[in-house]
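Q: Before anything else, here's the structure in question.
The values are calculated or read from the model by the stated rules, or taken from the named source; none is laboratory data. Computed from a predicted structure; not experimentally measured. Virtual Cβ from ideal backbone geometry, glycine too; neighbours counted across all protein chains shown. Side chains are part of the model used for accessible areas, which takes the heavy atoms of the whole protein and leaves out ligands, DNA and RNA. Shrake-Rupley method; radii C 1.70, N 1.55, O 1.52, S 1.80 Å.
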Amino acid sequence: RSRADLRGSLDLPLVPGVLHSRITASVRSQDGYVHRILQGGARQGNADRDAARLQLNWLPGDWDVMLTADYSQRDEESIATELMAVNPMAPGALLWNMLVAPFLGGGTAANAGDLSSPWTNHSTGLNYSDFETWGLSLAATRPFGSNYRFKSVTAYREQDSQFAADADHSPLLF
């Protein structure tokens, strides 16, 4: 399977002794390695992640002010899974086989026929993990007297995520 991980950071003094910046970024890309054989080439276990952060540190007089902005996203398939064993007498499979499968016709009972060969599964349901988040923070610190410090932290964060997984790893619609 193909995989690439890249990470980097760059520190830049914008105004020496007064204003500094740091830019950090990372990327991870990996091909999936478990084939969903009933879905023509779909794979599970991939990675597609990006992240970045910018920090500005301002030092006016006694103050230490840090502004941070960050962003992260993931657009991946679910984790790689394989069906290794089936017990048709287990409670979930037994109820499915007794109450649902007879009305759906042949080939719908939970049985050992759904076992996967290595690096494959028979999943047919939804399979994704999408995540996006970003945030801002401002922290200001100043000495207060000889033994104390004043610190103020203000932050905002937003997140959007959606995910689904076909957890039984079979073609059945559990």
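Q: Between Ala25, Ala85, Ala42, where does the largest GNM mean-square fluctuation fall for the chain, given springs only between Cα atoms within less than 10 Å?
A: Looking only at Ala25, Ala85, Ala42, the biggest GNM fluctuation is shown by Ala85.
Q: Then there's this: Counting only Cα atoms, I'd like the Rg/Rh figure for the stretch 9-102, Kirkwood definition for Rh.
A: 1.38
Q: Farthest toward the dipole's positive end in the chain, which of Gly17, Gly135, Ser29, given Cβ charges of +1 (Lys, Arg) and -1 (Asp, Glu) about the Cα centre?
A: Result: Gly17, furthest along the dipole toward the positive end.
Q: Turning to a different aspect of this structure: Scattering from the C-alpha atoms of the chain alone, worked out with Debye: what is log10 I(q)/I(0) at q = 0.15 1/Å?
A: Per q value, in the given order, log10 I(q)/I(0) is -0.91.
Q: Using a Gaussian network model of the chain whose springs link C-alpha atoms within less than 10 Å, name the residue from Leu38, Leu126, Leu14 with the highest mean-square fluctuation.
A: Judging by the Gaussian network model, the answer is Leu14.
Q: Any idea which of Pro102, Gly45, Ala155 is furthest toward the positive side of the dipole for the stretch 34-174, if Lys and Arg beta-carbons carry +1 and Asp and Glu beta-carbons -1?
A: Positive-most Cα among the choices belongs to Ala155.
Q: To the nearest 500 deg cm²/dmol, what mean residue ellipticity at 222 nm is calculated for the chain from DSSP H runs of n ≥ 4 alone, each contributing -39,500 (n - 2.57), summed and divided by the residues?
A: After summing the helix terms and dividing by residue count, I get -1000 deg cm²/dmol.
Q: Still on this structure, I have one more. Per residue, how much accessible area does the chain show when a 1.4 Å probe rolls over the protein heavy atoms, in square angstrom?
A: Normalised by residue count, the accessible surface of the chain is 66 Å².
Q: Rounded to the nearest 20 debye, what is the charge dipole size of the chain about its Cα centre when +1 sits on each Lys and Arg Cβ and -1 on each Asp and Glu Cβ? Please list the in-between numbers first.
A: Details: 14 positive and 19 negative charges, 110 e Å.
With Lys and Arg at +1 and Asp and Glu at -1, about 540 debye.
Q: If you count only protein heavy atoms and use a 1.4 Å probe, how large is the accessible surface of Asp64, to the nearest 10 Å²?
A: 60
Q: Oh, and also: Do any trypsin sites (Lys or Arg not before Pro) in the stretch 1-109 lie in a DSSP loop with no more than 13 other beta carbon atoms within 10 Å, and if so, which? Write out the running numbers ahead of the final one.
A: On the way: sites: Arg1, Arg3, Arg7, Arg22, Arg28, Arg36, Arg43, Arg49, Arg53, Arg74; in loops: Arg1.
The qualifying sites are Arg1.
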